[in-house]
Amino acid sequence: MEVGTKRIETDRLILRRFRLTDAQNMYKNWGSDSKVTKFLSWQPQKSIRQTKHILRKWCSSYFKKSVYNWAIELKEIGEVIGSITVVKDRVKWKNGEKAVIEKEIGYCIGYEWWGKGIMSETLTAIIDYLFCNTDTTRICAKHNTENIASGKVMQKAGMIYEGT
């Protein structure tokens, strides 16, 4: 069962679908920052135009119930400061029946908000959402071995280290 990206609220955050109007904050707060993208699979965005192109693509995909892509909005300032998404979705079959439905999570947040527990709060909320609202049986995430802080985020959210 897939339900798609729905609004989630925590004490400090609103996790919601991206909007085209988020382009300026996305570009400013994390999209163009090489510190944020250092360990990610994509390079910093070179222009607001590039950010708008990415957002148009993301926003046009929300009609699919299999898309899980949240903007992380900090209530205190009313701006998006990061993103969290299901980057891979796997179904493993055993004897012709679904055995494991696994979702892999990817995330990033603006440098200004590192070390404040915001990403752990976000990841915990997404894990709860996926387990409570979908037929997901396993959630995983990966991080670069040099990015120790990302591993700590996962542990704080209740994830268990499996290996390198």
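All conditions in (1) loosely packed, with under 14 Cβ neighbours inside 10 Å; (2) assigned to a strand (DSSP E or B) hold for Gln155, with the sole exception of (2).
Of all the residues that make up region 29-86, how many are outside any strand (DSSP E or B), in contact with a strand residue (DSSP E or B) (Cβ under 7 Å, 6 or more places away or on another chain) and among the aromatic types (Phe, Trp, Tyr)? Lay out the reasoning, then the answer.
Our first condition is that a residue be outside any strand (DSSP E or B); within region 29-86, this holds for 29-68, 75-78.
Now restrict to residues that are in contact with a strand residue (DSSP E or B) (Cβ under 7 Å, 6 or more places away or on another chain): 29-30, 36, 40, 58, 66, 68, 75.
If we keep only those that are among the aromatic types (Phe, Trp, Tyr) too, we end up with 30, 58, 68.
Number of matching residues: 3.
Within region 120-152, being closer than 14 Å to Val87 by Cβ and assigned to a helix (DSSP H, G or I) holds for Leu123, Ile126, Leu130, Ser150. Restricting attention to region 43-70, the residues that are among the small types (Gly, Ala, Ser) and buried (at least 16 other Cβ atoms within 10 Å of the Cβ) add up to 0. Among the residues making up region 22-42, those that are under 17 Å from the mean Cα position of the chain (by Cα) and exposed (fewer than 11 other Cβ atoms within 10 Å of the Cβ) are Ser41, Trp42.
Quick one: which residue in Ile109, Ile105 is farther than 13 Å from Asp22 by Cα, of a type in the set (A, V, I, L, M, F, W, C), free of Cβ contacts under 8 Å to residues at least 40 places away in the same chain and buried (at least 17 other Cβ atoms within 10 Å of the Cβ)?
Working: Ile109 fails: free of Cβ contacts under 8 Å to residues at least 40 places away in the same chain.
Among Ile109, Ile105, only Ile105 is farther than 13 Å from Asp22 by Cα, of a type in the set (A, V, I, L, M, F, W, C), free of Cβ contacts under 8 Å to residues at least 40 places away in the same chain and buried (at least 17 other Cβ atoms within 10 Å of the Cβ).
Can you work out which of the residues in region 3-21 that are open to solvent by 40 Å² or more (accessible area, probe 1.4 Å), touching a residue at least 12 places away in the same chain (Cβ under 8 Å) and of a type outside the set (Lys, Arg) is farthest from Asn147 (Cα to Cα)?
First, pick out the residues of region 3-21 that are open to solvent by 40 Å² or more (accessible area, probe 1.4 Å): 6-7, 9, 11-12, 17, 19-21.
When the remaining residues are screened for being touching a residue at least 12 places away in the same chain (Cβ under 8 Å), the result is 6, 11-12, 17, 19-20.
Next, from what is left, pick out any that are of a type outside the set (Lys, Arg): 11, 20.
On the way: Asp11: 27, Leu20: 30 Å.
Per the criteria, the residue is Leu20.
Give the residue that is modelled with the lowest pLDDT, with candidates limited to residues of region 80-115 that are within 15 Å of Thr136 (Cβ to Cβ) and among the aliphatic types (A, V, I, L, M). The extreme case among them is Ala99. Scanning region 45-57 finds one or more residues that are within 28 Å of Lys152 (Cα to Cα), over 14 Å from the mean Cα position of the chain (by Cα) and modelled with pLDDT of 95 or more. Screening Gly82 on (1) in contact (Cβ under 8 Å) with a residue 60 or more places away in the chain; (2) within 29 Å of Lys28 (Cβ to Cβ); (3) not aliphatic (A, V, I, L, M) shows it passes everything except condition (1). Assessment of region 72-92 against the conditions (over 16 Å from the mean Cα position of the chain (by Cα), within 19 Å of Asp135 (Cα to Cα) and of a type in the set (Lys, Arg)) yields at least one matching residue. When region 22-50 is limited to residues that are of a type in the set (A, V, I, L, M) and touching a residue at least 60 places away in the same chain (Cβ under 8 Å), the one that is farthest from Val80 (Cα to Cα) turns out to be Leu40.
The values are calculated or read from the model by the stated rules, or taken from the named source; none is laboratory data. Since this is a predicted model, take the numbers as computed values, not measurements. So basically every Cβ, Gly included, is an ideal-geometry build from the backbone, and we count neighbours across all protein chains shown. What goes into the accessible areas is simple: the full protein's heavy atoms, side chains included, and nothing from ligands, DNA or RNA. Shrake-Rupley method; radii C 1.70, N 1.55, O 1.52, S 1.80 Å.
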